[in-house]
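The values are calculated or read from the model by the stated rules, or taken from the named source; none is laboratory data. Since this is a predicted model, take the numbers as computed values, not measurements. Every residue, glycine as well, gets a Cβ built from its backbone with ideal geometry; the counts of neighbours run over all protein chains shown. Protein only, heavy atoms only, side chains kept; ligands, DNA and RNA dropped before computing areas. Shrake-Rupley method; radii C 1.70, N 1.55, O 1.52, S 1.80 Å.
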Amino acid sequence: MKLYRCRICGDTYLGSEAPSHCPFCGAHRALIVDTTEFPSGINDVQPTESELADLNASIELERANTRFYLGMALRKENEALSSGYKRLAKVEAEHCGIFCKLAKVAKPADLMEPGETSGDWKTDIEESLGREKRASSLYDEFAARATGERLKEVWEAISAVEADHIELDKVALTLVD
Ligand SMILES: [Fe+2]
Ligand SMILES: [Fe+2]
């Protein structure tokens, strides 16, 4: 057994090998490192004014998506999907927490309050697809214009996670009807 650490969310993982994705934030295996590769001041960044604006936009996006998925997870008629979107909500909440840490602000007070949904699985999953596509391309933009190496690393990593969620939504669509 070995102790690993995710460079993006900082959570630790105990296992015989690094997982393909961080179970907490979804970061890819290349970012799950030996604990010695996680310097203690890793999130001690000094964002520029424009990076701070992009961090705030990221916090708001993750907050909205967390609440939307918690709303989807409340539905009872398809337990596998409810459970899947509850899991997704936790990943998005983790992303929100990462951006809050980098911006040095508290997490939004209503982060874990279920938001409004359409009440229909297919409509909501299609809405989710749009949200994940927006998130992934927005984070690509933020990563491209960031000057801080750490901020660039985080936006790139989370953009890849949101792209994975697009694939997840496509699988979810096959489970409705
Ligand atoms: Fe992580
Ligand atoms: Fe996210």
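Listed values, structure above:
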quantity	calculated
Pairs with Cβ under 8 Å, 6+ apart, first in the stretch 22-51 and β-branched (V, I, T), second assigned to a helix (DSSP H, G or I)	I42/R150; V45/L102; V45/R150; V45/L151
Subset of the stretch 68-79 (residues that are open to solvent by 50 Å² or more (accessible area, probe 1.4 Å) and part of a helix (DSSP H, G or I))	E79
Any hit, the stretch 110-129, residues being surrounded by fewer than 21 Cβ atoms within 10 Å (Cβ to Cβ), within 24 Å of R150 (Cα to Cα) and of a type outside the set (D, E, K, R)	no
Flag if L3 is of a type outside the set (D, E, K, R), within 16 Å of ligand 1 (Cβ to nearest atom) and at negative phi	yes
Number of positions in the stretch 85-106 that are open to solvent by 30 Å² or more (accessible area, probe 1.4 Å), away from ligand 1 (no atom under 16 Å from the Cβ) and either closer than 23 Å to N56 by Cα or small (G, A, S) (or both)	3
Hits in the stretch 144-169 (condition: closer than 16 Å to G26 by Cβ and either free of Cβ contacts under 8 Å to residues at least 40 places away in the same chain or surrounded by fewer than 14 Cβ atoms within 10 Å (Cβ to Cβ) (or both))	E156, S159, E162, A163, I166, E167
Of residues in the stretch 18-54 being at pLDDT below 95 and of a type in the set (D, E, K, R), the one most open to solvent (accessible area, probe 1.4 Å)	E37
